[in-house]
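The values are calculated or read from the model by the stated rules, or taken from the named source; none is laboratory data. In this text, all values refer to a predicted model and were calculated from it rather than measured experimentally. In this analysis, Cβ positions are derived from the backbone assuming ideal geometry, glycine residues included, and neighbour counts consider all displayed protein chains. With ligands, DNA and RNA removed, areas are computed over all heavy atoms of the protein, side chains included. Shrake-Rupley method; radii C 1.70, N 1.55, O 1.52, S 1.80 Å.
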There are 2 protein chains.
Amino acid sequence: MIRLSKKVEYSIIALKYFAISKEAYLTAKEISKKYNIPHELLAKILQRLSKEKILTSNQGINGGYRLNKQPSDISLEYIIKLFDGEKGIVECMNGKNANECCIFDECTIKDPIVKLQKELESYFSSKKISDFV
Amino acid sequence: MIRLSKKVEYSIIALKYFAISKEAYLTAKEISKKYNIPHELLAKILQRLSKEKILTSNQGINGGYRLNKQPSDISLEYIIKLFDGEKGIVECMNGKNANECCIFDECTIKDPIVKLQKELESYFSSKKISDFV
DNA sequence: TAAAATACGACTATATTAGTCCGATTTAGG
DNA sequence: CCTAAATCGGACTAATATAGTCGTATTTTA
């Protein structure tokens, strides 16, 4: 079918864990151990989520991360776009490449593909972290 | 977002062309020229579709392919699975790997992910080639 | 001041996808 | 009966994207 990237998958796992966890702050190490996720990779993911204000972070020896948004306010679409980029469902619909496509005059599938993409985006934006809890 | 493979994209373009074309038989060369698709690649795609009885083929110098199914009977899900395989939305849900996942006991996102996958499959199986015509 | 955490960027390895190549078979027409 | 042009099929290569690693700096508390 169609595949979520590991970054997105790990994000969901981690964000769900933040959502259900009572702890004030959780560390990358803790989560990576619990779910067997490569530590360095998860660390970068949490850093990114932190940069996006989805998490807040504390540095230093007792530091860690904490949710900064409601799980119901974090959509899958946001996470996917964050880590996989704003790629269109086909190459020629990438943000920057858009309309560069169709070397041939008659790209006959453009309109239905645009519709497809919009529907998928709307689907993924309706899916929230809270749906995973 | 989430990306259709070239094989799927080319399939849609070609199948739509078959659907709207009046010609009895169309060749891989003809379609690849018209839409600027690498000939060898499209040839393999049409061969595969032919093997699946979606197209019928004639060999020999005046040969080519012709639709063997109604455009409304060819779903996007079928095409995607055909060319990209029966991959799950996450690795651990691949046909053969299934349940091998979750080295850790508590894969907390399994059920919602299964639901996600089922919904996407149902969406893609509702999309037919006729929707692109 | 040492330990343990985040922060950040460059790098490498792996997997997937896209595309090519070669040779075989089929078939119509000169 | 031979040639051209098509399908058939598998092995191969190239390009790209994803996954994961490494090194180093900074922050903070005990």
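Confirm whether B:Lys69 is at the interface with chain A (Cβ under 9 Å from one of its Cβ atoms) and either more than 30 Å from A:Tyr10 (Cα to Cα) or within 12 Å of DNA strand C (Cβ to nearest atom) (or both). So B:Lys69 fails the test. When A:Phe83 is tested against (1) surrounded by fewer than 13 Cβ atoms within 10 Å (Cβ to Cβ); (2) at pLDDT 95 or above; (3) within 13 Å of DNA strand D (Cβ to nearest atom), just one condition goes unmet, and that condition is (1).
Within region B:39-60, the set of residues being within 14 Å of chain A (Cβ to nearest Cβ) and either open to solvent by 70 Å² or more (accessible area, probe 1.4 Å) or within 18 Å of A:Lys110 (Cβ to Cβ) (or both) is empty.
Taken as a whole, region A:27-47 holds no residue that is in a helix (DSSP H, G or I), in contact (Cβ under 8 Å) with a residue 60 or more places away in the chain and away from DNA strand D (no atom under 13 Å from the Cβ). Before we move on, is A:Ile74 crowded, with 19+ Cβ neighbours inside 10 Å, touching a residue at least 40 places away in the same chain (Cβ under 8 Å) and of a type in the set (A, V, I, L, M)? When the stated conditions are applied, A:Ile74 passes them. For first residues located in region B:51-69 and over 20 Å from B:Lys22 (Cα atoms), partners that are within 16 Å of DNA strand C (Cβ to nearest atom) and lie 6+ apart or on another chain with Cβ distances below 8 Å form the pairs B:Glu52/B:Leu82. From the residues in region A:1-24 that are in a loop (DSSP other than H, G, I, E, B) and within 13 Å of DNA strand D (Cβ to nearest atom), which one is farthest from A:Glu40 (Cα to Cα)? Going through the qualifying residues, I end up with A:Ile2.
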